[in-house]
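Beneath this line is the structure, given in structure tokens, with notes to follow.
Read-outs: derived from the displayed coordinates by stated rules, not from any lab. For clarity, every value in this text was computed on a predicted model and none was experimentally measured. When we count neighbours, we look across all protein chains shown, and the Cβ atoms used for this are built from the backbone with ideal geometry, even at glycine.
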Amino acid sequence: MSRDRQTAMRQLALDIGMAPVPTLANFVAAGNEGALEHLRLWAGNPLRSPVPTCLWGDSGSGKTHLLRAVRESLREQGAQVGWMDADTLQPGEFDDAWEAVLLDDVHLYTADQQAAAFNWFVNAQAPAHGRARWVLAATDRPPADLQLREDLRTRLGWGHVFHLVALGEAERRAVLRRAADERGVFLGDEVMDFMLNRFSRDLSSLMMLLDQLDAYALRTQRAITIPLIKSMLENE
């Protein structure tokens with residue numbers, strides 16, 4: 001296989017692994033049911049509480065998925081939101097039209113981003129037009145342990161705080177196996193190894209990959225094997 005072909009396959013594998021639009025419905029909550037229910041109730045309630053929420057946990061625990069899912073839920077309702085992550089190099093001014101402020105990967109913020117986040121936080125919590133807005137943030141550790149400017153750090157910790165836990169290898173395999181069984185699909189151990197080693201290990205992405213493999217297997221009338229996965233990458 002040519003180098004260009006190999007590069008294209010790797011990119012397609014990445015695209016497939018990262019394809020699903022994050023939603024609250026496709027978040028696999030195992031171990032994080034409390035946080036999911038909290039966000040689901042908040043996002044679905046038009047009389048939303050302005051008490052801020054902070055999610056913290058290791059990489060792969062689903063923090064970004066949940067923030068993006070909340071953003072999608074609010075957008076579907078016609079609401080505007082303020083979004084900042086570590087790649088937001090030039091944060092804009094706070095917009096009074098925002099329904100909520102979402103701050104992802106706050107632990108990675110530069111001094112300028114921290115200043116903007118603090119400004120957004122203060123403006124969101126200050127009653128305007130008779131109401132305050134919600135702030136949802138995500139970090140890699142408890143707010144008390146964050147190496148951030150003190151006024152931002154303390155605000156991140158005064159509301160609801162949820163610790164998200166990432167699924168272990170055995171749990172991730174068990175969830176995939178159960179999902180495959182529910183679809184009437186057999187996943188051999190070698191196929192499971194291939195999926196976990198070659199694609200995004202985020203469980204929601206893996207579940208979407210399973211859906212795509214199931215559809216491709218049905219269309220081609222073949223069992224899900226490593227050759228079938230490679231064939232899908234080459235032909236889809």
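Axis angle, to the nearest 10 degrees, between helix 3-17 and the longest C-alpha principal axis of the chain: 60 degrees. Comparing GLY62, GLY44, GLY184 in a Gaussian network model of the chain where C-alpha atoms under 10 Å apart are linked, the largest mean-square fluctuation is found at GLY184. The chymotrypsin sites (Phe, Trp or Tyr not before Pro) of the range 151-222 meeting both criteria, a DSSP state outside H, G, I, E and B (loop) and at most 14 other C-beta atoms within 10 angstrom of the site's C-beta, are TRP158, PHE186. Taking 0.36 nm per residue of separation and subtracting the current Cα-Cα distance, fully stretching the chain between GLU93 and ALA215 would add 39.4 nm. The mean sequence separation of alpha-carbon pairs under 8 Å and at least six residues apart, normalised by the residue count of the chain, gives a relative contact order of 26 percent. Short-range pairs are left out: with C-alpha atoms under 8 Å and at least six residues apart, the relative contact order of the range 97-197 is 24 percent.
Modelled spin labels at GLU37 and THR154, positioned 7 Å past Cα toward Cβ, are 3.3 nm from each other. Under 17 Å from the 7 Å Cα→Cβ point of GLN80, by amide nitrogen: which residues of the range 88-130? Answer for the range 88-130: 91-102, 120-121, 123-125, 128-130. Between the C-alpha center of the range 92-127 and that of the range 31-48 there is a gap of 21 Å. Remark: relative contact order (the range 33-101) = 24 percent; criterion is Cα-Cα distance under 8 angstrom and separation of 6 or more residues.
For the options PRO91, PRO143, PRO46, a Gaussian network treatment of the chain with springs between C-alpha atoms closer than 10 Å singles out PRO46 as fluctuating the most.
Counting only DSSP beta bridges whose two residues both lie in the chain, roughly 5 percent are antiparallel. The long axis of helix 63-76 is offset from the longest Cα principal axis of the chain by roughly 80 degrees.
Projected label points at ARG222 and VAL165, each 7 Å from Cα along the beta carbon direction, are separated by 4.0 nanometres.
A cut-off under 13 angstrom between Cβ atoms defines the neighbours of LEU74, and their net charge, with Lys, Arg +1 and Asp, Glu -1, is +3. Here mean projected area of the Cα convex hull in nm² was calculated from the structure, and among (i) 14.8; (ii) 12.1; (iii) 18.1 it sits at label (i).
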